[in-house]
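What follows is calculated from the coordinates using simple rules that are stated; it is not laboratory data. Source: prediction; values computed, not measured. Positions of Cβ are generated from backbone atoms using ideal geometry, with glycine treated the same way; all protein chains shown enter the neighbour counts.
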Amino acid sequence: MKRITFILCCIISSFTFGQELTKKVGDIEIRLIEHYYKRNSNYELTKRKSNNLNRPFVKMFFDSHGNLLKKIKYGTHHNSDLKLIGRVQVFTYLNKRLDSTLEYYSECFCEKKIEPYFYSRYKYNKSDLLKEELTYVYSTDSLQSKKTFEYNSNLNKIKSFINPTYYYQSEFDSLNRITILKQIYEDKVRWDWKYNYTNNQRIGIFQTYYKDGKDYSKKEIQTFNGNGLLIETEEKYISRSGLDVKTKIFYDENGMISKIEQYEAYGKEYVFVSYTDIKIKSKLELNSNIVEKINEQINI
């Protein structure tokens, strides 16, 4: 624990609370800029959009190997002001592996009070795969959570334990594609996803087993382009009414995500409701390995 405390003190000493946490680091900066189309008094979509100043809601900074060094989230749950720092994560690496994460959170209305709340440490198995994630409360050094992971002989992650009685279990086919994902609590399956594949699509069916007399089943259709990149996700409810949604993903000439569009179903048609532009500033030319790592950090 003394070693952990020393490392964390070194990390914190390189930052001061408030604006210094937003200082650029690394060689690559990614900005996610979101726009919503506004609605009128009748809740009808208009052509007017939000965020005319193009303020990012997320900034990410990467090193020359594509490792994420820092992630800044603007706005909080109770205050959507994009001038407000809501969360900052600082990542450190050792022997080319993620070694620790330090998370800062602000109070709802005052970014000057942003403080470290949690830190995480990571342990790996002999195959360099993550086997344990330990998260501590910063102020007390007490263990907040412990996640452990198991893999099959093909190095696919088959179990993710939140605790001994609460975990996620995955099954894979001979091509290492996921076919089933289950949430298990106290030896009972709470819900599962079952996946089938065509030439360019993955089709998933979601089903719950809550025994509450309600059916929450839905279908997810993911479509991929010729390079294997995800270009569309559609989620539709099967047995009850719900908001069907569609997401379209666009890429630049390097294969990096450049734009994400969100659609919602009204009747039998989808309506364009929001989009996210991804902007990049880089000191170096991006190769396919760096692009892949950046894409993994952009939540779709």
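Worth a mention:
- Spacing of the two label points (7 Å from each Cα toward its C-beta) at Trp191 and Asp63, in nm: 3.7 nm
- Working value for the range 119-276: equivalent-ellipsoid semi-axes of 31, 22, 19 Å, each the square root of 5 times a Cα gyration tensor eigenvalue, largest first.
- Magnitude of the charge dipole for the range 162-300, about its Cα centre and with charges confined to Cβ atoms of Lys, Arg (+1) and Asp, Glu (-1), is about 240 debye.
- Note on the chain: dipole from Cβ charges, positive end direction compared against His77, Tyr37, Gly255; the farthest Cα belongs to His77.
- Difference of contour (0.36 nm per residue) and Cα-Cα distance, Glu253 to His77: 59.8 nm
- Among the lysines of the range 129-218, pairs that are 8 or more positions apart or on different chains and have alpha carbons within less than 12 Å of each other number 9.
- Proxy reagent accessibility, fewest Cβ within 10 Å first, across Val90, Val25: Val25, Val90
- Cα convex hull volume per residue for the chain (Å³): 187 Å³
- Our note on the geometry: Cα centres of the range 60-101 and the range 256-300, 18 Å apart.
- Leading residue at positive end of dipole, the chain (Cβ point charges), from Asn176, Thr233, Tyr104: Tyr104
- With neighbours defined as other Cβ atoms within 10 Å of a residue's Cβ, the residues Ser142, Ser80, Ser153 order from fewest to most as Ser153, Ser142, Ser80.
- A simple spin-label model places pseudo-atoms 7 Å from Cα toward Cβ; at Asn42 and Leu175 they are separated by 4.8 nm.
- Evaluated with a Cβ-only charge set (Lys, Arg +1; Asp, Glu -1), the range 118-198 carries a dipole of roughly 60 debye about its Cα centre, given to the nearest 20.
- Given charges at beta-carbon only (K, R positive; D, E negative), |dipole| of the chain in Debye: 380 debye
- Charge dipole (the chain, unit charges on Cβ, about Cα centre) - positive-most of Gly26, Ser217, Ser153: Gly26
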